[in-house]
Amino acid sequence: MSAITTGAAPRASLAKLRQRRDRWGWLFIAPFLVVFIVFLVAPLGYAFWLSLWQKGLVGGARFTGLYNYVRVFTDPVFLQGLRRVAYYVLVMVPIQIGLATIIAMILDTLTTKLARLSRLLVFLPYAVPAMIGALMWSFLYSPNFGPITGLFKQFGLTAPNILAPDNIFGALVNVVTWQWVGYYMIIIFSALKAVDPSLYEAALLDGASTTQTAIHVKLPLIVPSLIMCTVFSLIGTLQFYTEPTILRAAAPSAIPVTYTPNMYAANVAFSRGLFNYASTIAFSLGIIVFIGSYLFLFLTRKQSGLK
Amino acid sequence: MSTSKPHGYQPKRIPSQVFLVILCVYFLIPLWWLLVASTKSNPDLFVSSSGPLWFSGHFSFFANLSGLSTYSNGIYWRWLGNSLLYAFVGGIGATTISVLAGYGFAKYNFKGRGFVFALVLGSVMVPATALVLPLFMMFSKLSLINTIWAVILPSLLSPVGTYLIRVYCQEALPDELMDAARVDGASEFRTFWSVSIPQLRPAIVTVLLLSVVATWNNFFLPQIMLSSSKLWPITVGLNYWLTHSSVGSTSEQVWNLVVSGAFVSIVPLIVAFLFLQRYWQSGLTLGSLK
């Protein structure tokens, strides 16, 4: 109290004290900074460095500058993988976020036992590793193990092979949807819970239906969390790896080892031993994902309220 | 009056209820199938009169369990132990680091804070798997490949956890509380430890849950880093059995072990989630942020 009333000198020393105390901030973030530099900045830097070299036939590496990047962006296998994950983004992201939003909206207005049970069951796959989620679905899809063959036989029909090349796209979309919708649903659901009820009660009293209120009042208010979910989903889909790798065991002809850019990079590194080129692929993919999500956040900055 | 939703205006919403029932069935089917399949022997998995979604005549769950304990000298339990080790060491480490950093970012206005925090936010957008190969290249130079550290150390980094803790500190930890402790002569660390930490408990449990799950679910990183089967976590081990059952000779086909092993491995985390419902169902997610 006295510091405030006794004039300029003590106030200045208070500010100094504050400034000194604020230096403690560095101490608190120090462990994070170390981990950040050692396990994020350093490996990325090293990968970039490796991508500038090329292993010669006669031993030793040759500095080739950005040549590997020219190669990557004209490599048909990489570009095909990239187009494939882009297609997955276009289909999978809207399905996941749309479904998660609809479920969250319904669960927000219903307070029945069934609603509580659904919230639990929809989220449960999040507790299951993606590897095991893909494993379960690959058994369910399988003509030998799954229920589909038997089901169609009962009606005297031949079952479609879900693991055939033509159907694998939908099969993978389903696996990922099952695995992740609950996670996005919980994020959107808690955003809805944070909406002030007085904002939509007036609309309800005026005779608006729950659906109308959901679309016109609630939806605009949860746009920031929809954008966050979209970015997470976008990042996850572009680096698609686990699910196609697991499904490959059951569908080797439908899913080649170069199916996605990440699978291609791992294949180039470990089956062909081309570590410099693999670094280039990994680094390029990382940059594309970063630019993609940054661009998305930039374009939606008004809606999301992010600076 | 206006505190709760208007009563009397709650039609039965039959279409919504039907939709929810369909959802429940959809999300349960794979787990139900896994439960049923884990009670079946190898031949029963293929052909069984009751179909894949119902139990067959004989109950082989315990036979499968003992198979898990004897096949390859019971390496299955070792995989499960490895998963636990990686998830808990990685998860606890990542949470500790995130809590310290999130608190530092939220409560100290040091020079350069804005810049460093922008880096953290940016790194949320660096995909984890884009780091796997670069980490592999770096770790092979440092001879860390094929050690438990190759899996544990990278999982210590959790920009999302740091972000969540910072937001929670800003919203739920008043400066006055910290100042009161300081006036009483507490050091900065003492203030952090005995005043702030108790306030942050819900956020800490949530971040711990998120980072344990992230490490537990890891597949790409350990698959690339670990060549010795003794170090594998459960996800990589089961994938090995799965691919070998798909391409191997009849004697190598251990479908029943793949299935029952997968079932046993997901039980602990599902139980944990049922018990910790109030943490993941509470508002502490990115969704509640402005």
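General observations
- Filter result for B:MET178 (over 17 Å from the mean Cα position of the chain (by Cα), over 18 Å from B:LEU221 (Cβ atoms) and part of a helix (DSSP H, G or I)): yes
- Any hit, the stretch A:260-272, residues being buried (at least 23 other Cβ atoms within 10 Å of the Cβ) and more than 16 Å from B:PHE136 (Cα to Cα): yes
- Tally of residues being out of contact with any Pro (no Cβ under 9 Å at 6 or more places or on another chain) and modelled with pLDDT of 95 or more across the stretch B:74-87: 5
- Those helices (runs of 4 or more DSSP H) of the stretch B:42-117 in which at least 1 residues are facing chain A (nearest Cβ under 8 Å) and surrounded by 15 or more Cβ atoms within 10 Å (Cβ to Cβ), considering only elements entirely within it, cover B:42-46, B:75-107.
- Filtered residues of the stretch A:293-306 (kept if facing chain B (nearest Cβ under 9 Å), within 15 Å of the chain's Cα centre (by Cα) and in contact (Cβ under 8 Å) with a residue 12 or more places away in the chain): A:SER293, A:LEU297
- Restricting attention to the stretch A:142-175 and to residues that are more than 10 Å from chain B (Cβ to nearest Cβ) and of a type in the set (Gly, Ala, Ser), the residue that is least open to solvent (accessible area, probe 1.4 Å) turns out to be A:ALA171.
- Number of the exception - A:TRP178 against (1) open to solvent by 10 Å² or more (accessible area, probe 1.4 Å); (2) closer than 30 Å to A:THR211 by Cβ: (1)
- Of the residues making up the stretch B:129-151, those that are surrounded by fewer than 18 Cβ atoms within 10 Å (Cβ to Cβ) and either touching a Gly at 6+ places or on another chain (Cβ under 9 Å) or in a helix (DSSP H, G or I) (or both) number 3.
- Helices (runs of 4 or more DSSP H) fully within the stretch B:182-290 counting 2 or more residues that are within 11 Å of chain A (Cβ to nearest Cβ), hydrophobic (A, V, I, L, M, F, W, C) and out of contact with any Leu (no Cβ under 9 Å at 6 or more places or on another chain): B:255-275
- Residues being in a helix (DSSP H, G or I), surrounded by fewer than 16 Cβ atoms within 10 Å (Cβ to Cβ) and within 11 Å of another protein chain (Cβ to nearest Cβ) - total across the stretch A:200-222: 4
- The single condition from (1) under 20 Å from the mean Cα position of the chain (by Cα); (2) more than 7 Å from chain A (Cβ to nearest Cβ) that B:LEU157 fails is (2).
- Here B:VAL120 qualifies as facing chain A (nearest Cβ under 8 Å) and at pLDDT below 90.
- When A:PHE270, A:PHE290 are screened for being farther than 26 Å from A:SER138 by Cα and either facing chain B (nearest Cβ under 8 Å) or at pLDDT 90 or above (or both), only A:PHE290 passes.
- Matching residues in the stretch A:238-251 - criterion: being facing another protein chain (nearest Cβ under 10 Å) and assigned to a helix (DSSP H, G or I): A:LEU238, A:THR242, A:GLU243, A:THR245, A:ILE246, A:ARG248
- Listed by first and then second residue, the pairs linking a residue in the stretch A:238-265 that is touching a residue at least 24 places away in the same chain (Cβ under 8 Å) and over 10 Å from A:GLY81 (Cα atoms) to a residue that is surrounded by fewer than 22 Cβ atoms within 10 Å (Cβ to Cβ) and of a type in the set (Asp, Glu), with Cβ atoms under 9 Å apart and 6 or more places separating them unless they lie on different chains, are A:ALA254/A:ASP166.
- Residue in the stretch A:17-29 that is open to solvent by 40 Å² or more (accessible area, probe 1.4 Å) and more than 9 Å from chain B (Cβ to nearest Cβ) present: yes
- Taking first residues from the stretch B:130-148 that are more than 7 Å from every other protein chain (Cβ to nearest Cβ) and more than 14 Å from A:GLY45 (Cβ to Cβ) and partners that are small (Gly, Ala, Ser) and open to solvent by 20 Å² or more (accessible area, probe 1.4 Å), the Cβ contacts under 9 Å between residues at least 6 apart in sequence or on separate chains come to B:ILE145/B:SER227; B:ASN146/B:SER227; B:ASN146/B:SER228.
The values are calculated or read from the model by the stated rules, or taken from the named source; none is laboratory data. Here the structure is a predicted model, which means the values were calculated and not measured. For neighbour counting, all protein chains shown are included, and Cβ atoms are generated from backbone atoms with ideal geometry for every residue, glycine included. Quick note on the areas: whole protein, heavy atoms, side chains included, nothing else; ligands and nucleic acids left out. Shrake-Rupley method; radii C 1.70, N 1.55, O 1.52, S 1.80 Å.
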